[in-house]
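Comments concern the structure below.
The values are calculated or read from the model by the stated rules, or taken from the named source; none is laboratory data. Since the model is a prediction, treat every value here as computed from it, not as a measurement. Here the Cβ positions follow ideal geometry from the backbone for every residue, glycine too, while neighbour counts run over all protein chains shown.
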Amino acid sequence: MLIALLAPFSLLIAYVLHHVLSHQTLLLKQIFSQTIFNTIQLARLIGPLDPYDPLTVPDQVIPDSNSASEISEAQARANQRIDDARSIIDFSYAGPKIELEDRLRLRALANSRLVAAFGINTSLTSSSVSVHKKFRKLASASINKSRADWQKLYGVCMDFLQREKARYGRTGIGLAECVRCLCFVVVLVSQFGVDDKKVDKNLVKRITDGINAQWLKSKEDGEAVKTSDSLNHDLGMLFGNLKTSVAEENGTGKDTSIDPSEALGLIMPQYETLWRVVLLTYVTAYYTQYDKRSLKKRVKDIPSCLGNAATEKEALKLATEGLRLYPSNNSIYRAATGPGPLKSADVQACHRDFNVWGRDALEFRPERFDNLTPLQEKAYFPFSLGSHKCPAFGGFGNRMVTMLVVSMGRALSPETGKLNFEDAQLDNRVGIILPTGRDEMENWSWDMVRV
């Protein structure tokens with residue numbers, strides 16, 4: 001009789017313990033994810049004050065799954081943050097009907113440091129409608145690629161990386177330098193039709209190092225930075241030694257000489273938006289993500305599938321998720337319509353918001369793009385928005401990122417080499433979110449191992 005009486009009581013205790021432990025496990029996972037996010041933000045706060053990095057970090061509290069009202073309130077706040085970011089990006093903050101010249105002016109004022117640092121005159125830095133239209137025409141023409149073009153570019157990638165392995169594999173390949181030079185060479189081939197085998201790697205290294213140094217200086221003090229004579233000299237040497245082709249609207253191109261500053265203005269939007277995304281996505285996809293089982297299957301048809309909408313969809317999700325976690329521009333800036341600081345749209349915060357993307361928001365999961373919610377679709381804008389959306393939107397950007405990441409993953413693979421962060425917080429860790437500062441990746445290397 002006693003056993004019969006105790007049995008229901010025991011079941012009740014077991015149920016309560018199970019509920020409590022399940023809740024605690026969920027809470028621990030929540031705390032762990034939040035700790036990672038907060039650590040990254042704290043590291044950015046401790047560093048030098050950066051007026052271009054306002055840290056508009058959203059509320060990352062994940063409400064109890066049993067509370068529908070809390071979920072609704074959290075998502076409403078997230079929705080408002082997304083609306084605020086979108087209004088800055090698409091210029092609607094400045095009024096319902098703002099003319100093209102005014103939109104260009106608000107963008108150019110926010111990017112004035114790039115003119116001081118690089119001397120470039122493009123759609124991103126000029127309020128001139130004619131400059132804007134010319135730039136868009138050249139940029140749009142150069143991204144029209146056939147399937148054969150993609151296979152050629154993939155071959156350029158693999159040839160470059162094999163030369164890097166032969167030269168540095170045993171002593172260690174510096175990944176930041178390698179990816180910068182790779183992306184720069186691929187942009188030269190894609191944008192100007194140069195012969196990659198005639199490109200001087202040492203010259204490319206000096207140019208990419210120079211661009212990186214100038215970019216960092218412009219972030220530190222946009223008013224004091226000046227153009228670099230050595231960078232302009234190296235660009236002059238590069239284009240003086242190469243036969244280049246500037247694409248026309250019909251895509252045929254014509255041989256021409258090109259001014260170094262004009263060349264840099266065409267190169268920068270592709271090169272600068274590529275290299276960090278490629279490096280971070282490569283390291284995450286091939287080394288630090290939780291689940292690598294589906295990766296090889298997802299990208300097995302690269303490069304032959306590129307440009308074929310029917311067969312490239314799954315492979316391109318590699319880039320889609322990479323651009324979510326590591327957008328090319330963490331924030332997008334516009335000038336205020338009156339006196340005041342720059343307006344800042346925190347793209348990275350929208351792309352990582354737990355209240356939008358769920359508890360796995362900081363995990364690399366390309367399959368999440370199989371079925372996005374309306375709020376997730378609204379929160380995702382790696383190529384900007386509206387009429388000023390990047391010309392790479394619509395396939396080219398995702399194809400380029402995917403091709404570069406996969407070529408890195410195959411040439412510098414986990415099966416033939418070891419990744420070294422030279423950082424105890426990152427080495428031998430799985431599922432980590434990587435630092436995104438351009439000066440935080442310089443010590444990362446890939447070392448060949450004996451198979």
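Some points to look at:
- Test result for SER245, surrounded by fewer than 20 Cβ atoms within 10 Å (Cβ to Cβ), assigned by TED's automatic domain parsing to the domain that holds ALA411, among the polar types (S, T, N, Q) and modelled with pLDDT of 95 or more: no
- Looking only at residues in region 130-172 that are of a type in the set (Val, Ile, Thr) and touching a helix residue (DSSP H, G or I) at 6+ places or on another chain (Cβ under 9 Å), the one that is farthest from ARG410 (Cα to Cα) is VAL131.
- Residue in region 366-381 that is in contact (Cβ under 8 Å) with a residue 24 or more places away in the chain, touching a strand residue (DSSP E or B) at 6+ places or on another chain (Cβ under 6 Å), closer than 30 Å to LEU266 by Cβ and not hydrophobic (A, V, I, L, M, F, W, C) present: no
- Checked against the criterion of being within 24 Å of ALA392 (Cβ to Cβ), touching a Leu at 6+ places or on another chain (Cβ under 7 Å), touching a residue at least 24 places away in the same chain (Cβ under 8 Å) and buried (at least 17 other Cβ atoms within 10 Å of the Cβ), region 353-364 contains one or more residues that satisfy it.
- Of all residues in region 190-212, those satisfying the criterion of being charged (D, E, K, R) and either outside the structural domain of LEU175 (by TED's automatic domain parsing) or part of a helix (DSSP H, G or I) (or both) are ASP196, LYS197, LYS198, LYS201, LYS205, ARG206, ASP209.
- For the condition over 22 Å from SER87 (Cα atoms), at pLDDT 95 or above and either under 22 Å from the mean Cα position of the chain (by Cα) or of a type outside the set (Asp, Glu) (or both), VAL347 does not qualify.
- Meets criteria (modelled with pLDDT under 95 and surrounded by 21 or more Cβ atoms within 10 Å (Cβ to Cβ)) for PRO269: yes
- Of all the listed residues (PHE184, PHE118), the sole one being modelled with pLDDT of 95 or more and either acidic (Asp, Glu) or surrounded by 20 or more Cβ atoms within 10 Å (Cβ to Cβ) (or both) is PHE184.
- Identity of the residue in region 205-240, under 16 Å from ILE267 (Cβ atoms) and polar (S, T, N, Q), that ends up surrounded by the most Cβ atoms within 10 Å (Cβ to Cβ): THR208
- Test: residue in region 150-172 that is among the β-branched types (Val, Ile, Thr), touching a residue at least 60 places away in the same chain (Cβ under 8 Å), assigned by TED's automatic domain parsing to the domain that holds THR402 and surrounded by 17 or more Cβ atoms within 10 Å (Cβ to Cβ): no
- Meets criteria (without any contact (Cβ under 8 Å) to a residue 12 or more places away in the chain, under 28 Å from PHE135 (Cβ atoms) and surrounded by fewer than 17 Cβ atoms within 10 Å (Cβ to Cβ)) for GLY394: yes
- Single condition ALA319 does not satisfy, out of (1) of a type outside the set (Val, Ile, Thr); (2) at positive phi; (3) assigned to a helix (DSSP H, G or I): (2)
- Qualifying residue in region 84-95 (condition: surrounded by 18 or more Cβ atoms within 10 Å (Cβ to Cβ), at positive phi and in the same structural domain as GLY340 (by TED's automatic domain parsing)): yes
- Residue among SER112, SER72 that alone is of a type in the set (Ser, Thr, Tyr), farther than 30 Å from LEU316 by Cβ and either in contact (Cβ under 8 Å) with a residue 40 or more places away in the chain or not assigned by TED's automatic domain parsing to the domain that holds MET403 (or both): SER112
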